[in-house]
Amino acid sequence: MNINYIKDKGKTLHYHGLDPKRIQLDAKSKFNEMAKQDYFGSAPNIFVGKFGYPDINVGILNVEEYNKHDEPFIWVEEKTPIPNIIELRTQLVNSLFKANIQTFDSKLLEMSQEISLAHKPVDVEINLAKKPQLSLTMFDDAMPHGPRVAIKSAKITENPKIPQAIEKATGDIYFKAEEAVFSLYDKGFDEHYLTKVFSLANLGLKKNRKLVPTRWSITAVDDIVGKNIIQEIKDNNKTEYLAFFGSYLGNYYLILMFPEIWSYELFETIITEQNMFSTDYESYQGRTEYAESTAGGYYAARIAVLEQLRLMKKQSSVLALRFINPNEYFAPLGVWVVREAARNAMQNKPIEFASKELMLHYAQILVKKRFNFDVNVLLSQSKLLKNMGQQRKICEFF
C-alpha cells in the first residue's frame, strides 16, 4: 500500500514517531479490491487542501457503507486502537475537484458546503474519473484519509440534517466568523464539526467568506475558542498548585498549574534516544504569531486546559508537558489526539501541593519513573518559570 505522509517544512517531531511498517494494511481485508468508479455512499466530511492556494483541491470524503469512519469522540469512548482507526480512514475516498477560495459558482462546491453543514453523514451518489487504488495520506495535524481520485460528478440523494443554530449562523452575513465559531461552540457544537463548517466558507461577513484549508481551519477553530475563553478566565481567582496527568494513544500529558495570572507553555518531547523536544509559550498578553515549534498541538492542548479552568472558574499559569511514546503512537492521526489526550489528563483528579518546589519535585519523580527522562532538561528552558515573578508584577496593572 502506498503511504503518503505530508509533513510541513521544519516540523520534525512527529515524523520521527512514524513507523510505516506498522501501518501497512492487508489490501484484501482492509480495502475493497473491487473498488467502484460509480457508486452510492455516505459523505461524513470535506477535506480542503492547501497546495496551490488560492486554487486548491476540495475533496468529498466518502465511503460506500459508513461505520464510524469520522467519529473521533466515539473512538475515544470505545478506546478504538490506532490500527482500527487507520483502517477506517483508509476506506474514505477523497473525491477531488478544483476550486478557488473565493469563487462560489460550482455545483460541486455548493454540494460540499451542504455536506459540511450536516451534523450526520449525507447520502450521496459519486461518479469518479477512475477506480480508486488502495493508498493512505497522513498529516501531522489532520486526520488521514484514503485514495485521492478526481470526481466527475456527484449529487446528494437525501435532505442533509442541518441544525437550526447552524443554519441561523451561516445565514447571517453580518455575523463575524470568530464570533460565530465561539457562539456555536458555546451552544455545544464540538470543534470537529465546527472545523468543517468553518473550512467551507459558511461563516463570517459575506465579503470575507472564503474556503479555508482543513489543516488551517483546525487550528483556527482551536485558537478562536481558546482566545475567547482566555478573556473570560482573566477575571477569575487563581488556582492552587495543581498537577494533572493522563494520556491517550501513547500521548501523555503532565499539566502543572501555578497560582499566578494566565500564561501558558507547552513542551512536546518524543521519548527516543535523542529525546527531541519543541516548545512554545504565551504570556498574559497572549501570542501575536503562530506557534511554529509545536504547531497545531499547542492550540489543541490549550483548549483542554482552558475548558477545565473555565469549569473551575479560575485562572492559572499552566505548564503543559507532552511525552510521546513512539512505540504506542506510531502513526500521526491529527491534533484531535492531542486535544483528547490533554482532556483526559484534565478530567483526572489533580494532586494539590503546598509549594512550587514540591510540585516540581513530583514532576521530576513522575517523569523519571514513567519515561526515564530528566524533566529538568525542559524545566531549565521554561520561559513560564523564568517569567513568573515578572507576570506577578504585570498583574498589578490589570
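Values quoted throughout were computed directly from the atomic coordinates according to the rules given, and no laboratory measurement underlies them. Predicted, not measured: the structure shown is a model, and the values here were computed from it. Here the Cβ positions follow ideal geometry from the backbone for every residue, glycine too, while neighbour counts run over all protein chains shown.
Brief remarks on what is shown
- Charge dipole magnitude, Cβ of K and R +1, D and E -1 - the chain, Cα centre, debye nearest 20: 400 debye
- Averaging 1/r over every pair of different alpha carbons in the range 135-271 and inverting the result gives a Kirkwood radius of 18.3 Å.
- Over 32 Å between alpha carbons, listed pairs Lys79/Lys196; Lys187/Lys314; Lys36/Lys207; Lys50/Lys155; Lys36/Lys120; Lys120/Lys349: Lys36/Lys207; Lys120/Lys349
- Fully extending the segment from Thr103 to Glu352 would add 84.2 nm, taking 0.36 nm per residue of separation and subtracting the current Cα-Cα distance.
- Phi angles of the range 118-130 translate, via the Karplus equation with coefficients 6.51, -1.76, 1.60 and θ = phi - 60°, into HN-Hα couplings of 5, 7, 10, x, 9, 5, 9, 10, 10, 10, 9, 6, 7 Hz per residue; Gly and Pro are given as x.
- Residues of the range 311-330 with amide N under 19 Å of a point placed 7 Å along Cα→Cβ from Gln274: 322-330
- Computed E for Lys207/Asn4 - FRET, C-beta separation, R0 35 angstrom, nearest 0.05: 0.45
- Computed from the alpha carbon atoms alone, the convex hull of the range 235-395 holds 107 Å³ per residue.
- Rounded FRET efficiency, nearest 0.05, which uses the C-beta distance separating Val377 from Lys313 and R0 of 51 Å: 0.90
- The range 48-151, Rg to Rh (Cα coordinates; Rh as Kirkwood inverse mean 1/r): 0.96
- Normalised by residue number, the volume inside the convex hull of the Cα atoms of the range 164-231 is 73 Å³ per residue.
- Listed residue (Gln364, Pro326, Ile351) projecting farthest to the positive dipole end of the range 290-398, Cβ model: Ile351
- Distant-in-sequence amide contacts of Glu260, defined by a placed amide H-H separation under 5 Å and a gap of 5 or more residues or a different chain, comprise Thr239, Ser317.
- Using the Cβ-Cβ distance between Lys368 and Ala150 with R0 = 30 Å, the FRET efficiency computed as 1/(1 + (r/R0)^6) comes to roughly 0.05.
- Every pair of different Cα atoms in the chain enters the Kirkwood calculation, which places the hydrodynamic radius at 22.1 Å.
- Take 335-342, 52-59 and order them by the average number of nearby Cβ atoms within 10 Å per residue, most first; the result is 335-342, 52-59.
- Selection from Gly226, Ala169, Ser183 lying farthest towards where the dipole of the range 164-231 points positive, charges on Cβ: Ala169
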